[in-house]
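Before any comments, here is the structure.
The values are calculated or read from the model by the stated rules, or taken from the named source; none is laboratory data. Being a predicted model, the structure only gives us computed values, none of them experimental. Neighbour counts are summed over all protein chains in view; Cβ atoms, including those assigned to glycine, are modelled from backbone coordinates with ideal geometry. Ligands, DNA and RNA are excluded from the accessible area calculation, which covers all protein heavy atoms including side chains. Shrake-Rupley method; radii C 1.70, N 1.55, O 1.52, S 1.80 Å.
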Amino acid sequence: MDKKVLNGLLRPKSVAVIGASNTPGKIGYSVVDNLIKDGYQGKIYPINPSSPEILGLKAYPTITDVPGSIDAAIVTVPAKIVPAMAEECGKKGVKGFIVITSGFSEVGRKDLEQQIVDTAHQYGMCVLGPNIVGTLSNSDKFNGSFAPCLPLAGKASLISQSGALLIALDAATYTRKVGFDKLVSIGNMSDVDFADIVEWLDEDEKTSCISLYIEGFKDGRRFIEAAQKTKKPIIALKSGVSAHGAAAAASHTGSLAGAAKVYGAAFRQAGVIQAADLNDLFNKTQAFSEQPAMKGDNLLIITNGGGVGVLATDAAERYGLPLKFAPEDVQAELKKHMPEFGSAKNPVDITGMGGNEWYYDCVKYAFAHKWVDGLVVLYCETAVTNPQEIAESIKKAVVDSKVKDKPVTVSFVGGERCDAAMGWLVENGIPAYGAPDLAVQTMAGLRDYAKLHEKKASFDFKSNAKARKTALEIVAAARADGRNALTEIEAKQVFKAYGLPVTDTQLAKSEDEAVTLAKKVGFPLVMKIVSPDILHKSDAGGVKVNIKDEAGVRDAFKTIMANAKKYKADANIHGIAIQEMAPMGTEVIMGSVNDPTFGPTMMFGLGGIFVEVLKDVTFRVAPIADDQAVEMIGEIRGAPILAGVRGEAPRDRKALAETITKYSNMILDMQDEIAETDANPVLVYEDGKGLKVVDARMILKKK
Ligand code: ACO
């Protein structure tokens with residue numbers, strides 16, 4: 001989206017309020033009142049057909065009557081007249097059309113919403129909303145909303161899809177002491193969406209980190225691409241992850257691909273830190289807006305209390321940042337600033353005797369030491385210390401250490417004096433929390449962020465024209481046959497075209513042909529029914545394994561055919577697959593769904609018959625680069641099995657990663673045709689010996 005247009009929307013130099021009113025309690029009154037009371041310096045033009053003056057400002061009957069140019073129009077008139085207002089604003093050269101009004105796609109009036117967007121686009125205008133609270137900016141003293149006030153000033157900016165939540169968070173910024181520069185309500189996202197504003201905020205010098213409250217993206221892929229390019233940290237709280245997608249899935253992958261998993265994967269790929277809940281969103285926003293990322297794993301905790309030290313230690317392990325003992329030189333120096341019975345190991349316990357000086361000395365030394373990558377400072381209120389003085393000692397030590405590229409977080413546990421001291425710390429740029437685990441949790445977030453950005457994921461992808469041609473032919477034949485699922489043999493042909501290692505599988509239409517093909521494939525072998533009407537082959541008695549000779553082939557052919565007919569008398573039977581019997585290996589699963597938000601999305605995990613019970617799977621949005629594939633292999637609970645447990649040789653994870661990458665390319669290249677796929681099981685062998693896709697399923701998009 002054009003930057004100048006977004007500037008007009010988010011930092012307007014002049015603003016019209018269409019539907020401005022003199023009646024207190026009306027939104028059109030509130031918006032004008034907010035603009036005036038919060039000190040907006042630009043021009044304000046109230047628009048109202050019957051009032052010549054509103055809240056002391058000259059009002060105009062229509063926007064066309066306004067003499068000067070107007071950057072943004074805030075709309076607070078009923079829905080049915082909003083399209084006409086869009087036309088007038090477009091003609092007037094307005095850049096940002098901010099629609100507070102409700103009553104559009106959220107109540108089934110997508111048509112009305114689209115009409116506004118179409119009109120706006122004719123005139124090069126953008127639309128924010130509809131169904132929003134408006135936008136707020138502390139640095140511009142701009143409260144173009146009906147939220148009660150500008151938020152507590154700070155360096156973060158928030159984009160919220162829920163208007164009500166934005167209002168609630170706005171007020172809470174004061175009690176939670178988390179400061180924001182901009183709050184943007186985006187409601188129905190008819191035009192301007194998360195990606196547009198994220199890109200704009202990335203360039204905004206008043207914003208140091210971007211917080212998001214998301215109910216759902218319209219185009220998830222575009223968000224990932226925008227976020228990947230963003231230089232500032234993004235923290236996202238996604239709601240509505242409990243009931244999504246899982247219904248009516250035709251594959252294992254489809255049934256496992258809930259919103260929590262898919263959004264989680266997309267956020268990782270986008271380099272976005274996920275918040276668990278509203279509290280976590282606030283806590284992380286506070287840390288990310290003031291502190292740099294934690295660039296290494298060495299976390300040091302300094303405390304005056306053993307209990308909170310242990311709680312923080314537990315939290316460090318829980319959030320993936322386990323403590324290590326501090327090196328000898330660090331311990332030796334810190335020992336000088338604590339009583340004999342203190343501990344310098346990590347957590348560094350300066351004991352209840354720890355006062356201002358010891359806090360100062362330990363924090364200053366430790367923070368500057370090269371071994372320390374991040375510092376958490378804890379304090380329990382005692383009768384012999386003053387929380388405010390401790391806070392000031394910590395702040396002074398941090399400043400005097402001259403360290404600017406490492407993070408520090410703090411937790412004070414105690415009463416009102418602690419709360420006041422923490423308030424002071426926050427005002428002075430040091431995030432402080434009421435519980436030790438929160439100080440550690442946010443620090444772990446700062447570490448996760450650095451790790452995510454060590455190797456930025458990219459969406460580079462090249463179509464494989466040759467494989468695609470083969471695959472399209474197979475798909476076309478199946479569609480001509482009236483099917484929307486490929487047979488196993490067809491699916492494997494598609495897999496093979498994209499370079500996936502499938503077991504050699506041939507289709508026999510008669511018993512004699514089965515014998516001929518069996519000799520080609522070699523013994524022992526597996527025989528399976530091939531019928532679009534029989535998806536669960538084993539349940540139908542349609543699979544025979546370990547067939548060793550010609551007599552076995554003839555016998556199996558007859559039995560499978562008879563079983564299949566018994567299972568479904570009118571089944572359309574293509575024949576019987578004669579398949580090489582792959583040696584046993586570690587069973588994994590690969591699969592994909594065409595997610596409504598993110599498009600082709602791939603799953604990998606431990607496979608076999610328990611896959612839906614154990615759910616040991618992980619997701620990524622395609623395409624998946626090699627290093628991302630390696631990450632997927634390493635992040636499932638069963639990763640040690642693939643690494644080799646109890647004397648077993650490690651599995652061929654290199655070949656596995658390559659196969660994941662190829663698989664992701666296949667589903668992306670064929671995204672207009674493929675709905676869901678499964679490769680289950682895939683047998684993975686020892687290092688250097690590769691893997692084999694033993695069974696394959698491919699469901700086509702309905703056309
Ligand atoms: N040009 C300019 N002003 C006009 C025009 C026009 N063509 N036509 C009418 N007006 C004036 C009206 O005369 C009125 O001013 P007045 O008080 O001087 O008479 C003013 O515009 C507002 O019009 P009303 O008909 O009084 O509408 P009302 O204020 O009751 O409601 C509103 C309008 C607020 C837009 C309503 O339709 C609406 O959508 N409410 C929900 C908004 C909302 O909650 N959005 C955020 C969702 S997120 C969340 O839930 C927090």
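Residues in the stretch 113-124: is at least one surrounded by 21 or more Cβ atoms within 10 Å (Cβ to Cβ) and polar (S, T, N, Q)? Yes: the stretch 113-124 contains one or more residues that are surrounded by 21 or more Cβ atoms within 10 Å (Cβ to Cβ) and polar (S, T, N, Q).
Out of the residues in the stretch 202-221 that are open to solvent by less than 20 Å² (accessible area, probe 1.4 Å) and of a type in the set (S, T, N, Q), which is farthest from the ligand (Cβ to nearest atom)? So the residue we want is Thr207. Note on the stretch 531-560: among residues that are farther than 16 Å from Glu513 by Cβ and assigned to a strand (DSSP E or B), the one that is most open to solvent (accessible area, probe 1.4 Å) is Val545. No other residue among Lys692, Lys662, Lys703, Lys654 is part of a helix (DSSP H, G or I), within 26 Å of Thr487 (Cβ to Cβ) and basic (Lys, Arg) apart from Lys662.
Here Ile159 qualifies as closer than 24 Å to Ser14 by Cβ and open to solvent by less than 20 Å² (accessible area, probe 1.4 Å). Taken over the stretch 55-91, residues that are in contact with a Ser or Thr (Cβ under 9 Å, 6 or more places away or on another chain), over 20 Å from Ser190 (Cα atoms) and near the ligand (Cβ under 8 Å from one of its atoms) amount to 1. Screening the stretch 369-425 for residues that are without any contact (Cβ under 8 Å) to a residue 12 or more places away in the chain and in a loop (DSSP other than H, G, I, E, B) and picking the one that is surrounded by the most Cβ atoms within 10 Å (Cβ to Cβ) gives Lys370.
Within the stretch 649-664, being touching a Pro at 6+ places or on another chain (Cβ under 9 Å) and either farther than 13 Å from Leu500 by Cβ or surrounded by fewer than 23 Cβ atoms within 10 Å (Cβ to Cβ) (or both) holds for Ala655, Thr661. When you check Ala84 against the structure, is it more than 22 Å from Lys141 (Cβ to Cβ) and of a type in the set (Gly, Ala, Ser), yes or no? Taking the combined requirement at face value, the residue satisfies it. For beta carbons closer than 6 Å, sequence separation of 6+ or different chains, a first residue in the stretch 51-69 that is under 18 Å from Glu87 (Cα atoms) and a second that is open to solvent by 80 Å² or more (accessible area, probe 1.4 Å) and within 9 Å of the ligand (Cβ to nearest atom), the qualifying pairs are Pro61/Pro49.
Yes/no per residue for (1) open to solvent by 10 Å² or more (accessible area, probe 1.4 Å); (2) of a type in the set (Phe, Trp, Tyr); (3) over 17 Å from Val363 (Cα atoms):
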{"residue": "Leu311", "(1), (2), (3)": "yes, no, yes"}
{"residue": "Ala315", "(1), (2), (3)": "no, no, yes"}
{"residue": "Arg318", "(1), (2), (3)": "yes, no, yes"}
{"residue": "Leu321", "(1), (2), (3)": "no, no, yes"}
{"residue": "Lys324", "(1), (2), (3)": "yes, no, yes"}
{"residue": "Pro327", "(1), (2), (3)": "yes, no, no"}
{"residue": "Glu333", "(1), (2), (3)": "yes, no, no"}
{"residue": "Pro339", "(1), (2), (3)": "yes, no, no"}
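Taking residues in the stretch 517-539 that are free of Cβ contacts under 8 Å to residues at least 12 places away in the same chain and on the phi > 0 side of the Ramachandran plot, and partners anywhere that are in a helix (DSSP H, G or I) and open to solvent by 20 Å² or more (accessible area, probe 1.4 Å), not one pair has Cβ atoms closer than 9 Å while being at least 6 places apart or on different chains.
Looking only at residues of the stretch 134-164 that are without any contact (Cβ under 8 Å) to a residue 60 or more places away in the chain, hydrophobic (A, V, I, L, M, F, W, C) and outside any strand (DSSP E or B), we find that the one that is farthest from the ligand (Cβ to nearest atom) is Leu152. More than 11 Å from the ligand (Cβ to nearest atom) and either under 39 Å from the mean Cα position of the chain (by Cα) or surrounded by fewer than 21 Cβ atoms within 10 Å (Cβ to Cβ) (or both), is that true of Ile44? The answer is yes for Ile44.
Residue-by-condition table, conditions (1) among the aliphatic types (A, V, I, L, M); (2) closer than 21 Å to Val94 by Cα; (3) assigned to a loop (DSSP other than H, G, I, E, B); (4) within 11 Å of the ligand (Cβ to nearest atom):
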position	(1), (2), (3), (4)
Val5	yes, yes, no, no
Leu9	yes, yes, no, no
Pro12	no, yes, yes, no
Ala16	yes, yes, no, yes
Ala20	yes, yes, yes, yes
Leu35	yes, yes, no, no
Tyr40	no, yes, yes, no
Ser51	no, no, yes, yes
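On the stretch given as the stretch 417-441, residues that are of a type in the set (A, V, I, L, M) and in contact with a Pro (Cβ under 6 Å, 6 or more places away or on another chain) total 1.
Given the criteria in contact with a Leu (Cβ under 6 Å, 6 or more places away or on another chain) and at pLDDT 95 or above, does Ala465 qualify? Judged against the criteria, Ala465 is not a match. Candidates are the residues of the stretch 170-201 that are more than 21 Å from Gly96 (Cβ to Cβ) and open to solvent by less than 20 Å² (accessible area, probe 1.4 Å); the one that is nearest to the ligand (Cβ to nearest atom) is Thr173. Scanning the stretch 68-122 for residues that are among the polar types (S, T, N, Q) and over 15 Å from Gly134 (Cβ atoms) turns up Ser69, Ser105, Gln114, Gln115, Thr119, Gln122.
Report yes if some residue within the stretch 634-648 is of a type outside the set (Val, Ile, Thr), open to solvent by 20 Å² or more (accessible area, probe 1.4 Å) and touching a residue at least 60 places away in the same chain (Cβ under 8 Å); otherwise report no. Within the stretch 634-648, none of the residues are of a type outside the set (Val, Ile, Thr), open to solvent by 20 Å² or more (accessible area, probe 1.4 Å) and touching a residue at least 60 places away in the same chain (Cβ under 8 Å). Tallying residues that are surrounded by fewer than 21 Cβ atoms within 10 Å (Cβ to Cβ) and more than 7 Å from the ligand (Cβ to nearest atom) within the stretch 22-33 yields 3.
Residue-level check: of (1) modelled with pLDDT of 90 or more; (2) of a type in the set (Gly, Ala, Ser); (3) in contact with a strand residue (DSSP E or B) (Cβ under 9 Å, 6 or more places away or on another chain), Ala260 misses just (1). Applying the condition of being part of a helix (DSSP H, G or I) and within 11 Å of the ligand (Cβ to nearest atom) to the stretch 92-125 and asking which residue is farthest from Asp191 (Cα to Cα) yields Val107. Does Lys92 fit the bill of being of a type in the set (D, E, K, R), surrounded by fewer than 24 Cβ atoms within 10 Å (Cβ to Cβ) and touching an Asp or Glu at 6+ places or on another chain (Cβ under 8 Å)? In short, no.
Output the residues belonging to the stretch 540-560 that are of a type in the set (D, E, K, R), out of contact with any helix residue (DSSP H, G or I) (no Cβ under 6 Å at 6 or more places or on another chain) and touching a residue at least 12 places away in the same chain (Cβ under 8 Å). Matches in the stretch 540-560: Lys548, Asp549, Lys558. Restricting attention to the stretch 222-242, the residues that are under 11 Å from the mean Cα position of the chain (by Cα) and either open to solvent by 30 Å² or more (accessible area, probe 1.4 Å) or aromatic (Phe, Trp, Tyr) (or both) total 1.
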